[in-house]
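Taken together, the values in this text are just the output of simple stated rules run on the coordinates, not laboratory data. Computed from a predicted model, the values in this text were never measured in an experiment. Cβ sites come from the backbone with ideal geometry, for glycine too, and all protein chains shown count toward neighbours.
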Amino acid sequence: MMIFNVLAIMSIAFALFLITTQPLLQVNIYYTNMFLLTDE
């Protein structure tokens, strides 16, 4: 249970890091993935 808590905290921290430091990059990746998925 402790390992799961640590992993959850690390994932949340990493997600917050990406959101706060690279918002434009995340948006570009999001739209690129949508375009690739719908372009099939």
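What are the residues in the chain that are assigned to a loop (DSSP other than H, G, I, E, B) and of a type outside the set (A, V, I, L, M, F, W, C), if any? Break it down stepwise before answering.
Going through the chain, the residues assigned to a loop (DSSP other than H, G, I, E, B) turn out to be 1, 22, 40.
Of everything in the chain, those that are assigned to a loop (DSSP other than H, G, I, E, B) and of a type outside the set (A, V, I, L, M, F, W, C) turn out to be Gln22, Glu40.
On the basis of being surrounded by fewer than 10 Cβ atoms within 10 Å (Cβ to Cβ), without any contact (Cβ under 8 Å) to a residue 12 or more places away in the chain and among the hydroxyl-bearing types (Ser, Thr, Tyr), does Thr32 make the cut? Don't jump to the end; show me each part of the working.
Working: surrounded by fewer than 10 Cβ atoms within 10 Å (Cβ to Cβ): no; without any contact (Cβ under 8 Å) to a residue 12 or more places away in the chain: yes; among the hydroxyl-bearing types (Ser, Thr, Tyr): yes.
No.
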